[in-house]
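Here is the structure we will look at, set down as structure tokens.
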Amino acid sequence: MAGRELRAKPRVMTKDTHGRRPLVAGNWKMNGLFAAGAEVESLVNRVRASAPAADVLICPPATLIRPFAAAWGQRGVAFGGQDCHHADEGAFTGDISAAMIRDAGGDYVIVGHSERRSYYGETDQVVSHKAAAAHRAGIVSIVCVGETLAEREAGRAIDVVSQQVDFSLPTLSNAGNTVLAYEPVWAIGTGKTPSTDDIVAMHHAVRTRLTARFGAAEGNRMRILYGGSVKPANAREILALADVDGALVGGASLLARDFDAILDAYRS
Ligand code: PGA
């Protein structure tokens, strides 16, 4: 027991990160009206009072990017979109382009989230084209990959995710324009997370694909986020793992208090 109590908390900063600056991104999904800016203001104030050693990003609904970025951009929190079309412009009723996200003040866009892949049938090829559109517009794509529960139980998780990584990243991806997010589908919004060993094994597999394709220097500079039921109670442990360069957070990003508690993993 004494040994257990004496064991030090995992320290995020002691692992080899090849200079990668962590990113903690909040995905609000289809939640939040203009009044939710109060949470952003609270988050900005907390981040300014005690800056984490990480980039902080909120991806609100597209309607809120401009007002939020206008009020709080450049104050320690960046803003981004949750999806974009693969074309630069045109007759695509209801869609928004990466250039529109940038024009609204966004610096990032999430592409290939599992909810987009499953509800809208987005394939790796579509995701790759969306990421390329983001790069043309000059914003960073956060490319999501992840296996279903059936795929994990069949022992295929690493194969499935490796294939998604191979086919969801456009040729011109680099560490400056691309962030990977490993999000096991069965862990999103369920309160379940993989074991730390499984997270490490998957992030290592993703890193291996990135270095094989883009070269050791570039592949080692690309950030790989973990997403799926990240919350204050498990963030410190997950974010300390090798090759975990931050988190993509859904539910726990809606309240400034919770999201800020996750950022504590990057405060000394
Ligand atoms: P969650 O969502 O944190 O609510 O599990 C993560 C995500 O969908 O990006």
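Couple of notes before you dig in:
- Sequence of F68, F92, F167, F214 from largest to smallest accessible area, 1.4 Å probe: F167, F92, F214, F68
- The simple spin-label model puts a point 7 Å past each Cα toward its Cβ; for D264 and E89 those points are separated by 4.8 nm.
- The residues M222, M100, sorted by heavy-atom accessible surface at 1.4 Å with ligands and nucleic acids left out, run M100, M222 from largest to smallest.
- Zero-based 10 Å bins, Cα pair distances in the range 1-144, whole percents: 11, 36, 30, 16, 6, 2, 0
- Counting only protein heavy atoms and using a 1.4 Å probe, the accessible area of K29 comes to about 50 Å².
- The chain shape via C-alpha gyration tensor axes, a/c threshold 1.5: oblate
- 4 °C / 1.567 mPa s Stokes-Einstein diffusion coefficient of the range 216-268, Kirkwood radius on C-alpha pairs, µm²/s: 112 µm²/s
- Element breakdown for the chain at a 1.4 angstrom probe: carbon and sulfur atoms account for 52% of the accessible area.
- Every helix of 4 or more DSSP H residues in the chain counts as -39500 (n - 2.57), and over all residues that averages to -11500 deg cm²/dmol at 222 nm.
- Å² of accessible area per residue within the range 1-143, as computed with a 1.4 Å probe and no ligands counted: 53 Å²
- Translational D in µm²/s for the range 179-268 (Stokes-Einstein at 25 °C, 0.890 mPa s, Kirkwood Rh from C-alpha pairs): 183 µm²/s
- Overall, the range 173-218 carries a charge dipole of about 100 debye about its Cα centre when +1 sits on the Cβ of Lys and Arg and -1 on the Cβ of Asp and Glu, all other atoms neutral.
- Alpha carbon centroid spacing (whole Å) that separates the range 40-58 from the range 188-215: 26 Å
The values are calculated or read from the model by the stated rules, or taken from the named source; none is laboratory data. Keep in mind that this is a model prediction, so the values were computed, not measured. FYI the Cβ positions are ideal-geometry reconstructions off the backbone, even for glycines, and counts take in every protein chain you see. Ligands, DNA and RNA are excluded from the accessible area calculation, which covers all protein heavy atoms including side chains. Shrake-Rupley method; radii C 1.70, N 1.55, O 1.52, S 1.80 Å.
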